[in-house]
Amino acid sequence: MALFAPLNDFKQADLPERSLGFWKMAGPGAILVGLSIGAGEIIIWPRSVAEHGAGMIWAAVLGVFLQLWINFEVGRWTVATGETVFTGFARVWRGFAPVFILLTILGWIAPGWARASGNALKALIFSPEFAKDSFWGSDTCWTALTFGAVALLLFGPKVVYKSVEISIEVMVAIVTLGLIAVAVVVGTSSVWKELGAGLVNIPNVPEGVATKDFFILLVFAGAGGTANLFYTFYLRDKNIGMGAHIPAMPNLLRGRHETIPSTGFRYQDNAENGARFKSWFKYIVQDQLLFFWFLNSLTIMLFIFGSLAVLHPKGIVPGAGSLIWDEAQVLGEVWGAPGRVIFLMVGVATLFSTQLALVDGVARSIADIVYTNFAGAQKRELSWWYAVIAGAWIVAGVGITFVMEHWKGTSGLAFLTNAAFMGGIAMAVYVPLMLYMNLRYLPKSARPGPFCIVMMLVATCVYTGFAVYTIYGLCTAGA
């Protein structure tokens, strides 16, 4: 029996006409921001700044900027075809199906974000020391609580996408407003000057920062790893471009059933379809510039600013599990109880939005790859695969958290940084693949122009170069 099912060619269809304004279609970019302002922004980058100061803040801006162009290309494929990018990868080579399942699992299976989310929630409601010697104060208990909230949001509504969009938009608003309030209270001219100096300190890296650590920071500036590819699902469920021909994924547990095509469409390359594509792609550019580039750059700078103003002057370099509480405590000294509570709320909203979007995005990715590529998989609906994988991911997350908590010498920070490193390896694979795919399969009017091609080649050199150099360094160090 063959491993792979036949992959149908594109069906012919006209690109739907765009009839709605930008704000009527807003949502996909906001979800990606909710995913981006996760452990990289609230833990990894602030911790690095607490230890090394502002010397390489420029790399955070660079990381977000490079990922902006990757997201443009993800959006380009989905607008023009209605397919997920994972189906496009399989068109290049069927072997990419198991490769991207493996990369997704290795990149996200360790629930470092969920554990940090649970810790932040416990600190907000009680304190980090609450019932520390019993199950009710354990990381496992509080991680399970946050995963329970994720399950309610994913399996409660009739259409999965809507609850994810609304929940994350609310949390992004809490994070942004809370960070602005913190910056106003603790900001001084000297800290702003130090931040500005770090932004133009290109390409200097503080002494003691290893190549692997710098690569991890670069990947964590933005969504990172395969998370950038999740944008493809949000566009489809929002009926953007050819996604209008693809039904939104229903909630299997609410009794809704819908057959979702595994492959997409190709439009006839005439003047009318070309003009429609330009209109849709204009939305992609606006969506990503506003939500991903501007809002993500703003929030990561505000997180870094808080660390620079609060932790770095005191020489506090906290671990992954204590950074939010440590910064909240120092803010409490400056601002009183409101400062502590506001930052803890920001921490919970930031990490929970990442946890929610990751479970949803990982389940969508693996379900889509399995449903589209493997023989016999379409005997079950896509929503069935999604529910099984999301449920299994939640159970595995709680189980791994239990192991992490009781396995001596295992730190949450190590799990987060290793996840980022695997994400960087994934980016080294899919960034050049995205460019090749869009140039080979899309109609001429939808293909990337010269400047987009140049930026994707730059991103390819950055991620592939760092991945190869880092792997070589690790191999020679172990030899």
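Readers should treat all values here as calculations from the given coordinates under stated rules, not as data from a laboratory. Just so it is clear, the model here is predicted, and its values are computed rather than measured. When we count neighbours, we look across all protein chains shown, and the Cβ atoms used for this are built from the backbone with ideal geometry, even at glycine.
Listed by Cβ neighbour count within 10 Å, with the fewest neighbours leading, VAL150, VAL209, VAL370 appear as VAL209, VAL370, VAL150. Taking amide H positions as modeled 1.01 Å from N, with prolines and chain starts lacking one, the residues under 5 Å from GLY264 and 5 or more places away or on another chain are LYS11. Taking the fewest neighbouring Cβ atoms within 10 Å as the starting point, the ordered list for MET404, MET427, MET434 is MET404, MET434, MET427. Charged neighbours of CYS452, selected by a Cβ distance under 12 Å, balance to +1 (K, R count +1; D, E count -1).
Straight distance only, please: which lysines reach the Cα of LYS278 with their own Cα at less than 16 Å, same-chain residues fewer than 8 apart left out? Answer for LYS278, where 16 Å is the Cα cut-off: LYS444, listed by chain and number.
What the Cα atoms of region 220-373 give is an Rg and a Dmax of 21.1, 64 Å. For the chain, the residue among ALA271, GLN288, ALA50 whose Cα projects farthest onto the positive side of the dipole built from Cβ charges is ALA271.
What stretch of the chain, leaving out the sites themselves, is the longest with no GluC sites (Glu not before Pro) in a DSSP loop having at most 15 other Cβ atoms within 10 Å? After excluding every exposed loop site, the longest remaining stretch is 259-479. Give me the Debye-computed log₁₀ of I(q)/I(0) at q = 0.19 Å⁻¹ for region 305-458, equal point scatterers on Cα only, no solvent, two decimals. Taking Cα atoms of region 305-458 as identical point scatterers yields -1.22. A simple spin-label model places the labels of VAL184 and LEU298 1.4 nm from each other, with each point 7 Å out along Cα-to-Cβ.
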